[in-house]
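Notes for the one structure printed next.
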Amino acid sequence: MNKKSRIHAVTTGVAVLCCLFGFMACKPQDKSKEAASETVQEIKKTVVTTVPPKRVPVFYSGMQENGTIEAVEQVTVKSKVSGRLEQMLVHQGDVVEAGQTVALVEHKSIQARLESAKADLVVSQAQLAQAKVTLADAQKEADRYEKLFKDGYCTEQQLTQRRTTLRTAQAGLAVSQANIAKNKASIGEIMVDLDEATIKAPIAGVISDDFSHTPGEMINTDTLIVEVVGMDRLYARVNVAEQYVHRISKGMKVFISLLGDKKGPYEGSVWRIQPTVDTATRTTRVDALANDSSAMRPGMFVTVFFAEEKMENPVVLPMGAVKRSNGDHFIWLMIGDKAKRLIVRPGLKNGNETAIEDVIPEGARVIITGGDNLKDGDLVVEANHQAAASS
(Lines give C-alpha, C1' and ligand atoms only; values in the text may rest on other atoms or scores of the structure.)
Protein backbone atom coordinates (compact mmCIF):
# COMPACT_ATOMS: atom_id res chain seq x y z
CA MET A 1 0.00 0.00 0.00
CA ASN A 2 1.42 3.36 -0.98
CA LYS A 3 1.54 6.37 1.26
CA LYS A 4 -1.50 7.98 -0.30
CA SER A 5 -3.62 4.89 0.28
CA ARG A 6 -2.55 4.65 3.91
CA ILE A 7 -3.54 8.26 4.53
CA HIS A 8 -6.96 7.65 2.96
CA ALA A 9 -7.56 4.57 5.12
CA VAL A 10 -6.64 6.41 8.31
CA THR A 11 -8.88 9.31 7.38
CA THR A 12 -11.78 6.96 6.68
CA GLY A 13 -11.32 5.17 10.03
CA VAL A 14 -11.26 8.40 11.95
CA ALA A 15 -14.46 9.48 10.21
CA VAL A 16 -16.17 6.20 11.09
CA LEU A 17 -15.12 6.49 14.72
CA CYS A 18 -16.38 10.07 14.87
CA CYS A 19 -19.75 9.03 13.48
CA LEU A 20 -19.97 6.17 15.96
CA PHE A 21 -19.16 8.38 18.94
CA GLY A 22 -21.48 11.07 17.63
CA PHE A 23 -24.38 8.61 17.37
CA MET A 24 -23.81 7.34 20.88
CA ALA A 25 -23.62 10.86 22.24
CA CYS A 26 -26.73 12.00 20.43
CA LYS A 27 -29.02 9.14 21.51
CA PRO A 28 -29.41 10.16 25.23
CA GLN A 29 -29.97 13.74 24.16
CA ASP A 30 -32.94 12.63 22.05
CA LYS A 31 -34.44 10.90 25.12
CA SER A 32 -33.88 13.99 27.24
CA LYS A 33 -35.63 16.12 24.66
CA GLU A 34 -38.55 13.67 24.54
CA ALA A 35 -38.86 13.66 28.35
CA ALA A 36 -38.68 17.44 28.42
CA SER A 37 -41.42 17.61 25.82
CA GLU A 38 -43.63 15.32 27.88
CA THR A 39 -42.96 17.41 31.01
CA VAL A 40 -44.03 20.55 29.16
CA GLN A 41 -47.26 18.84 28.17
CA GLU A 42 -47.91 17.76 31.78
CA ILE A 43 -47.24 21.28 33.04
CA LYS A 44 -49.89 22.59 30.68
CA LYS A 45 -52.56 20.43 32.42
CA THR A 46 -54.42 22.22 35.23
CA VAL A 47 -54.71 20.20 38.43
CA VAL A 48 -58.32 20.01 39.64
CA THR A 49 -60.49 18.09 42.07
CA THR A 50 -63.84 16.77 40.93
CA VAL A 51 -66.98 15.03 42.16
CA PRO A 52 -69.53 13.01 40.23
CA PRO A 53 -72.89 14.77 39.75
CA LYS A 54 -75.46 13.52 42.27
CA ARG A 55 -79.12 13.44 41.28
CA VAL A 56 -81.65 13.06 44.10
CA PRO A 57 -85.44 12.50 44.05
CA VAL A 58 -86.17 15.51 46.29
CA PHE A 59 -84.01 18.36 47.58
CA TYR A 60 -85.14 20.54 50.47
CA SER A 61 -84.06 23.99 51.56
CA GLY A 62 -84.75 25.43 54.97
CA MET A 63 -83.08 26.09 58.29
CA GLN A 64 -81.42 23.93 60.91
CA GLU A 65 -81.55 24.20 64.70
CA ASN A 66 -80.23 22.18 67.63
CA GLY A 67 -82.60 20.41 69.98
CA THR A 68 -83.14 17.70 72.59
CA ILE A 69 -85.22 14.52 72.44
CA GLU A 70 -88.10 14.27 74.91
CA ALA A 71 -90.99 11.86 75.46
CA VAL A 72 -94.62 12.77 74.85
CA GLU A 73 -95.56 10.61 77.84
CA GLN A 74 -93.40 10.73 80.96
CA VAL A 75 -95.05 10.00 84.30
CA THR A 76 -93.69 10.03 87.84
CA VAL A 77 -95.64 7.52 89.95
CA LYS A 78 -96.20 8.43 93.61
CA SER A 79 -97.49 6.36 96.50
CA LYS A 80 -101.02 7.27 97.56
CA VAL A 81 -100.83 5.39 100.86
CA SER A 82 -98.47 5.29 103.80
CA GLY A 83 -96.87 2.09 105.02
CA ARG A 84 -93.95 -0.26 104.69
CA LEU A 85 -92.73 -1.05 101.18
CA GLU A 86 -93.32 -4.77 100.84
CA GLN A 87 -91.97 -5.42 97.32
CA MET A 88 -90.20 -3.44 94.60
CA LEU A 89 -91.01 -5.38 91.44
CA VAL A 90 -89.23 -3.28 88.78
CA HIS A 91 -85.95 -1.44 88.44
CA GLN A 92 -84.36 1.16 86.19
CA GLY A 93 -84.32 0.05 82.55
CA ASP A 94 -87.17 -2.45 82.87
CA VAL A 95 -89.91 -2.38 80.24
CA VAL A 96 -93.45 -2.23 81.67
CA GLU A 97 -96.98 -2.38 80.31
CA ALA A 98 -99.81 -0.05 81.28
CA GLY A 99 -101.44 -1.36 84.48
CA GLN A 100 -98.48 -3.56 85.42
CA THR A 101 -97.74 -3.78 89.16
CA VAL A 102 -94.43 -2.07 89.97
CA ALA A 103 -94.48 -2.11 93.80
CA LEU A 104 -96.51 -3.38 96.77
CA VAL A 105 -97.09 -1.55 100.04
CA GLU A 106 -97.67 -3.73 103.15
CA HIS A 107 -101.47 -3.91 103.46
CA LYS A 108 -102.21 -6.00 106.59
CA SER A 109 -103.27 -2.92 108.55
CA ILE A 110 -105.44 -1.81 105.64
CA GLN A 111 -107.03 -5.25 105.51
CA ALA A 112 -107.73 -5.07 109.26
CA ARG A 113 -109.44 -1.71 108.80
CA LEU A 114 -111.51 -3.22 106.02
CA GLU A 115 -112.67 -6.13 108.19
CA SER A 116 -113.59 -3.73 111.00
CA ALA A 117 -115.58 -1.54 108.62
CA LYS A 118 -117.42 -4.56 107.28
CA ALA A 119 -118.32 -5.61 110.84
CA ASP A 120 -119.64 -2.12 111.55
CA LEU A 121 -121.74 -2.38 108.41
CA VAL A 122 -123.30 -5.64 109.64
CA VAL A 123 -124.24 -3.96 112.94
CA SER A 124 -125.69 -0.97 111.13
CA GLN A 125 -127.72 -3.22 108.86
CA ALA A 126 -129.17 -5.01 111.92
CA GLN A 127 -130.00 -1.66 113.50
CA LEU A 128 -131.66 -0.58 110.28
CA ALA A 129 -133.80 -3.71 110.24
CA GLN A 130 -134.87 -3.08 113.82
CA ALA A 131 -135.55 0.58 113.05
CA LYS A 132 -137.84 -0.44 110.21
CA VAL A 133 -139.82 -2.75 112.52
CA THR A 134 -140.06 -0.05 115.17
CA LEU A 135 -141.23 2.46 112.58
CA ALA A 136 -143.85 0.09 111.21
CA ASP A 137 -145.23 -0.53 114.71
CA ALA A 138 -145.24 3.18 115.53
CA GLN A 139 -147.00 3.96 112.25
CA LYS A 140 -149.75 1.42 112.92
CA GLU A 141 -150.25 2.71 116.47
CA ALA A 142 -150.37 6.31 115.31
CA ASP A 143 -152.87 5.47 112.56
CA ARG A 144 -155.09 3.60 115.07
CA TYR A 145 -155.11 6.52 117.53
CA GLU A 146 -155.86 8.96 114.73
CA LYS A 147 -159.06 7.01 114.05
CA LEU A 148 -159.88 6.63 117.75
CA PHE A 149 -159.44 10.34 118.32
CA LYS A 150 -161.65 11.09 115.34
CA ASP A 151 -164.36 8.82 116.75
CA GLY A 152 -163.93 10.29 120.24
CA TYR A 153 -162.53 7.21 121.93
CA CYS A 154 -159.16 8.71 123.05
CA THR A 155 -157.81 11.94 124.33
CA GLU A 156 -155.71 14.41 122.37
CA GLN A 157 -152.83 13.76 124.77
CA GLN A 158 -152.87 10.05 123.90
CA LEU A 159 -152.81 10.90 120.17
CA THR A 160 -149.92 13.32 120.68
CA GLN A 161 -147.90 10.63 122.46
CA ARG A 162 -148.38 8.24 119.52
CA ARG A 163 -147.38 10.93 117.05
CA THR A 164 -144.21 11.63 119.06
CA THR A 165 -143.37 7.92 119.10
CA LEU A 166 -143.80 7.83 115.31
CA ARG A 167 -141.47 10.78 114.79
CA THR A 168 -138.87 9.18 117.06
CA ALA A 169 -139.07 5.95 115.04
CA GLN A 170 -138.69 7.89 111.79
CA ALA A 171 -135.61 9.65 113.16
CA GLY A 172 -134.17 6.32 114.28
CA LEU A 173 -134.63 4.92 110.79
CA ALA A 174 -132.86 7.95 109.28
CA VAL A 175 -129.95 7.52 111.69
CA SER A 176 -129.65 3.83 110.82
CA GLN A 177 -129.70 4.62 107.11
CA ALA A 178 -127.03 7.32 107.59
CA ASN A 179 -124.86 4.89 109.53
CA ILE A 180 -125.07 2.35 106.73
CA ALA A 181 -124.15 4.99 104.15
CA LYS A 182 -121.21 6.03 106.33
CA ASN A 183 -120.08 2.41 106.74
CA LYS A 184 -120.27 1.79 103.00
CA ALA A 185 -118.32 4.97 102.26
CA SER A 186 -115.66 3.92 104.75
CA ILE A 187 -115.42 0.49 103.14
CA GLY A 188 -115.10 2.15 99.73
CA GLU A 189 -112.25 4.37 100.93
CA ILE A 190 -110.46 1.43 102.51
CA MET A 191 -110.90 -0.58 99.31
CA VAL A 192 -109.28 2.30 97.40
CA ASP A 193 -106.38 2.30 99.88
CA LEU A 194 -106.09 -1.46 99.50
CA ASP A 195 -106.06 -1.13 95.73
CA GLU A 196 -103.55 1.72 95.88
CA ALA A 197 -101.26 -0.36 98.04
CA THR A 198 -100.68 -2.18 94.76
CA ILE A 199 -98.79 0.50 92.81
CA LYS A 200 -99.17 0.20 89.04
CA ALA A 201 -97.61 1.78 85.96
CA PRO A 202 -100.12 4.18 84.38
CA ILE A 203 -98.54 3.94 80.91
CA ALA A 204 -96.45 1.51 78.89
CA GLY A 205 -92.77 2.37 78.66
CA VAL A 206 -89.40 2.04 80.34
CA ILE A 207 -88.55 2.64 84.01
CA SER A 208 -86.19 5.60 83.82
CA ASP A 209 -85.80 5.93 87.61
CA ASP A 210 -86.62 3.63 90.54
CA PHE A 211 -85.39 6.14 93.15
CA SER A 212 -83.25 3.41 94.77
CA HIS A 213 -86.10 2.00 96.87
CA THR A 214 -85.56 -1.20 98.87
CA PRO A 215 -88.19 -3.51 100.43
CA GLY A 216 -88.88 -2.81 104.09
CA GLU A 217 -88.48 0.95 104.02
CA MET A 218 -91.31 3.18 105.20
CA ILE A 219 -93.01 5.34 102.59
CA ASN A 220 -95.60 8.07 102.86
CA THR A 221 -98.24 9.49 100.58
CA ASP A 222 -96.59 11.35 97.68
CA THR A 223 -93.35 9.35 97.99
CA LEU A 224 -91.86 8.99 94.48
CA ILE A 225 -91.83 5.31 93.50
CA VAL A 226 -90.85 5.12 89.80
CA GLU A 227 -90.64 7.27 86.70
CA VAL A 228 -92.01 5.75 83.48
CA VAL A 229 -91.08 7.07 80.04
CA GLY A 230 -93.20 6.14 77.03
CA MET A 231 -90.76 5.29 74.24
CA ASP A 232 -93.31 4.97 71.43
CA ARG A 233 -93.73 8.70 70.84
CA LEU A 234 -90.64 10.89 71.08
CA TYR A 235 -90.15 14.43 69.84
CA ALA A 236 -87.37 16.96 69.39
CA ARG A 237 -87.66 20.10 71.47
CA VAL A 238 -86.11 23.12 69.75
CA ASN A 239 -85.81 26.72 70.92
CA VAL A 240 -86.10 28.91 67.82
CA ALA A 241 -85.00 32.55 67.83
CA GLU A 242 -87.97 34.88 67.60
CA GLN A 243 -86.89 36.34 64.24
CA TYR A 244 -87.15 32.90 62.59
CA VAL A 245 -90.35 31.56 64.17
CA HIS A 246 -92.51 33.00 61.38
CA ARG A 247 -90.84 30.55 58.97
CA ILE A 248 -92.19 27.54 60.88
CA SER A 249 -95.74 26.19 60.74
CA LYS A 250 -97.56 23.30 62.34
CA GLY A 251 -97.29 20.14 60.24
CA MET A 252 -94.10 21.29 58.45
CA LYS A 253 -91.79 18.43 57.43
CA VAL A 254 -88.60 18.08 59.47
CA PHE A 255 -85.53 15.85 59.40
CA ILE A 256 -84.03 14.86 62.76
CA SER A 257 -80.34 13.84 62.87
CA LEU A 258 -78.64 12.07 65.79
CA LEU A 259 -74.97 12.39 66.69
CA GLY A 260 -72.96 9.47 65.31
CA ASP A 261 -76.01 7.85 63.70
CA LYS A 262 -75.54 6.71 60.09
CA LYS A 263 -79.12 5.61 59.42
CA GLY A 264 -80.74 9.03 59.71
CA PRO A 265 -81.91 11.64 59.27
CA TYR A 266 -85.38 10.65 60.48
CA GLU A 267 -88.49 12.29 59.07
CA GLY A 268 -91.07 13.96 61.25
CA SER A 269 -93.29 17.01 61.43
CA VAL A 270 -93.84 20.08 63.58
CA TRP A 271 -96.23 18.99 66.31
CA ARG A 272 -96.77 22.16 68.31
CA ILE A 273 -95.47 25.71 68.53
CA GLN A 274 -95.48 27.63 71.79
CA PRO A 275 -97.66 30.73 71.38
CA THR A 276 -95.35 32.99 73.40
CA VAL A 277 -91.71 34.11 73.36
CA ASP A 278 -89.43 33.49 76.33
CA THR A 279 -88.43 37.00 77.37
CA ALA A 280 -85.15 35.78 78.87
CA THR A 281 -83.87 33.91 75.78
CA ARG A 282 -85.97 35.61 73.07
CA THR A 283 -86.86 32.17 71.72
CA THR A 284 -90.03 30.17 71.11
CA ARG A 285 -90.29 26.47 71.85
CA VAL A 286 -91.06 24.29 68.83
CA ASP A 287 -91.72 20.54 69.18
CA ALA A 288 -91.18 18.21 66.21
CA LEU A 289 -92.62 14.70 66.44
CA ALA A 290 -90.52 11.90 64.90
CA ASN A 291 -92.24 9.35 62.64
CA ASP A 292 -89.78 6.66 63.73
CA SER A 293 -88.16 7.15 67.13
CA SER A 294 -86.74 3.64 67.60
CA ALA A 295 -83.14 4.91 67.51
CA MET A 296 -83.83 7.85 69.83
CA ARG A 297 -83.61 8.21 73.60
CA PRO A 298 -84.94 11.04 75.77
CA GLY A 299 -82.16 13.52 76.50
CA MET A 300 -80.29 12.96 73.22
CA PHE A 301 -78.80 15.99 71.47
CA VAL A 302 -80.10 16.32 67.90
CA THR A 303 -80.17 18.68 64.95
CA VAL A 304 -83.52 19.44 63.36
CA PHE A 305 -83.81 20.61 59.75
CA PHE A 306 -87.04 22.46 58.95
CA ALA A 307 -87.90 21.87 55.27
CA GLU A 308 -89.35 25.11 53.87
CA GLU A 309 -89.14 24.47 50.10
CA LYS A 310 -88.49 21.45 47.92
CA MET A 311 -87.16 20.76 44.43
CA GLU A 312 -87.81 17.47 42.65
CA ASN A 313 -85.20 15.40 40.79
CA PRO A 314 -82.37 17.99 40.76
CA VAL A 315 -78.61 17.54 40.53
CA VAL A 316 -77.01 18.42 43.87
CA LEU A 317 -73.55 20.01 43.91
CA PRO A 318 -71.21 21.51 46.49
CA MET A 319 -71.92 25.22 46.82
CA GLY A 320 -68.45 26.23 45.58
CA ALA A 321 -68.88 24.38 42.29
CA VAL A 322 -71.29 26.98 40.92
CA LYS A 323 -69.50 30.10 39.63
CA ARG A 324 -70.85 33.42 38.42
CA SER A 325 -69.55 35.76 35.76
CA ASN A 326 -71.23 38.54 33.77
CA GLY A 327 -74.61 37.58 35.20
CA ASP A 328 -74.30 33.91 34.22
CA HIS A 329 -74.11 30.98 36.61
CA PHE A 330 -71.92 28.15 35.37
CA ILE A 331 -69.96 25.10 36.39
CA TRP A 332 -66.77 23.53 35.03
CA LEU A 333 -66.96 19.94 33.88
CA MET A 334 -64.12 17.50 33.33
CA ILE A 335 -64.87 15.40 30.25
CA GLY A 336 -62.00 13.04 29.58
CA ASP A 337 -58.97 15.26 30.20
CA LYS A 338 -60.54 18.51 29.02
CA ALA A 339 -62.48 21.26 30.77
CA LYS A 340 -65.91 22.35 29.56
CA ARG A 341 -67.90 25.36 30.79
CA LEU A 342 -71.64 24.71 31.29
CA ILE A 343 -74.21 27.46 31.94
CA VAL A 344 -76.64 26.34 34.69
CA ARG A 345 -79.75 27.58 36.48
CA PRO A 346 -79.14 27.39 40.23
CA GLY A 347 -82.12 26.42 42.37
CA LEU A 348 -82.53 25.87 46.10
CA LYS A 349 -79.66 25.98 48.57
CA ASN A 350 -79.18 24.01 51.74
CA GLY A 351 -76.11 24.44 53.90
CA ASN A 352 -73.08 23.65 51.72
CA GLU A 353 -75.08 22.28 48.80
CA THR A 354 -77.00 23.78 45.91
CA ALA A 355 -79.40 22.17 43.44
CA ILE A 356 -79.60 22.69 39.67
CA GLU A 357 -82.13 21.44 37.12
CA ASP A 358 -79.70 21.13 34.20
CA VAL A 359 -78.64 17.92 32.45
CA ILE A 360 -74.98 17.01 32.83
CA PRO A 361 -73.36 14.92 30.05
CA GLU A 362 -72.87 11.23 30.75
CA GLY A 363 -69.48 10.47 32.28
CA ALA A 364 -68.68 14.11 33.09
CA ARG A 365 -67.37 15.07 36.52
CA VAL A 366 -67.91 18.43 38.18
CA ILE A 367 -64.80 20.46 38.98
CA ILE A 368 -64.99 21.86 42.50
CA THR A 369 -61.47 23.29 42.93
CA GLY A 370 -58.78 24.42 40.50
CA GLY A 371 -61.16 25.89 37.94
CA ASP A 372 -60.69 29.60 38.61
CA ASN A 373 -58.60 30.33 35.49
CA LEU A 374 -59.83 27.64 33.13
CA LYS A 375 -60.93 28.12 29.53
CA ASP A 376 -63.00 25.78 27.41
CA GLY A 377 -60.85 22.94 26.13
CA ASP A 378 -58.02 23.36 28.65
CA LEU A 379 -56.30 20.13 29.61
CA VAL A 380 -57.00 19.10 33.21
CA VAL A 381 -55.86 16.31 35.48
CA GLU A 382 -57.29 14.99 38.76
CA ALA A 383 -55.20 15.90 41.79
CA ASN A 384 -55.10 12.32 43.03
CA HIS A 385 -54.06 11.05 39.58
CA GLN A 386 -51.19 13.52 39.42
CA ALA A 387 -50.06 12.53 42.91
CA ALA A 388 -50.09 8.86 41.91
CA ALA A 389 -48.08 9.61 38.75
CA SER A 390 -45.50 11.63 40.72
CA SER A 391 -44.96 8.82 43.20
Inset, instruction - Pick out the one residue from A119, A98 that is of a type outside the set (V, I, T) and in a helix (DSSP H, G or I). - result: A119
Inset, instruction - Evaluate the following for T49: is it more than 30 Å from K253 (Cβ to Cβ) and at pLDDT 90 or above? - result: yes
Legend entry - Checking R297 against (1) surrounded by fewer than 19 Cβ atoms within 10 Å (Cβ to Cβ); (2) in a strand (DSSP E or B), the condition it does not meet: (2)
Legend entry - The listed residue being more than 24 Å from the chain's Cα centre (by Cα), in a strand (DSSP E or B) and not assigned by TED's automatic domain parsing to the domain that holds A383, out of Q158, Q139, Q125, Q87: Q87
Inset, instruction - Identify, from the list D278, D376, D337, the residue that is closer than 30 Å to V229 by Cα and touching a residue at least 12 places away in the same chain (Cβ under 8 Å). - result: D278
Inset, instruction - Scan segment 300-317 for residues that are exposed (fewer than 14 other Cβ atoms within 10 Å of the Cβ) and not in a strand (DSSP E or B) and report the count. - result: 1
Inset, instruction - Check whether at least one residue in segment 270-277 is in the same structural domain as V95 (by TED's automatic domain parsing), closer than 30 Å to S294 by Cβ and either out of contact with any Cys (no Cβ under 6 Å at 6 or more places or on another chain) or modelled with pLDDT of 95 or more (or both), and report yes or no. - result: no
Legend entry - Every residue from segment 188-218 that is surrounded by fewer than 18 Cβ atoms within 10 Å (Cβ to Cβ), in a helix (DSSP H, G or I) and among the β-branched types (V, I, T): V192
Inset, instruction - Filter segment 56-68 down to the residues that are part of a strand (DSSP E or B) and loosely packed, with under 14 Cβ neighbours inside 10 Å, then identify the one that is nearest to the chain's Cα centre (by Cα). - result: N66
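Among A339, A355, which is the only one that is part of a strand (DSSP E or B) and touching a Pro at 6+ places or on another chain (Cβ under 6 Å)?
It is A355.
Of these, T221, T134, T165, which one is in a loop (DSSP other than H, G, I, E, B) and either within 30 Å of V95 (Cβ to Cβ) or assigned by TED's automatic domain parsing to the domain that holds A112 (or both)?
Checking each option against the conditions leaves just T221.
Just give me the residues in segment 161-181 being under 60 Å from the mean Cα position of the chain (by Cα) and in contact (Cβ under 8 Å) with a residue 24 or more places away in the chain, in sequence order.
Residues satisfying the conditions are Q177, N179, I180.
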Legend entry - Qualifying residue in segment 240-250 (condition: surrounded by 17 or more Cβ atoms within 10 Å (Cβ to Cβ) and among the hydroxyl-bearing types (S, T, Y)): no
Inset, instruction - Being surrounded by fewer than 16 Cβ atoms within 10 Å (Cβ to Cβ), acidic (D, E) and out of contact with any strand residue (DSSP E or B) (no Cβ under 7 Å at 6 or more places or on another chain) narrows it down to one of E357, E362, so name that one. - result: E362
Legend entry - Members of segment 226-273 that are closer than 17 Å to N66 by Cα and assigned to a loop (DSSP other than H, G, I, E, B): E242, Q243, Y244, I248, M252, L259, G260, D261, G264, P265
Inset, instruction - Could you tell me whether G216 is under 28 Å from D287 (Cβ atoms) and among the small types (G, A, S)? - result: no
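The values are calculated or read from the model by the stated rules, or taken from the named source; none is laboratory data. Every value quoted in this text rests on a predicted model; they were computed, and no experiment measured them. Reconstructed Cβ throughout: ideal geometry from the backbone, glycine too, with neighbour counts over all protein chains shown.
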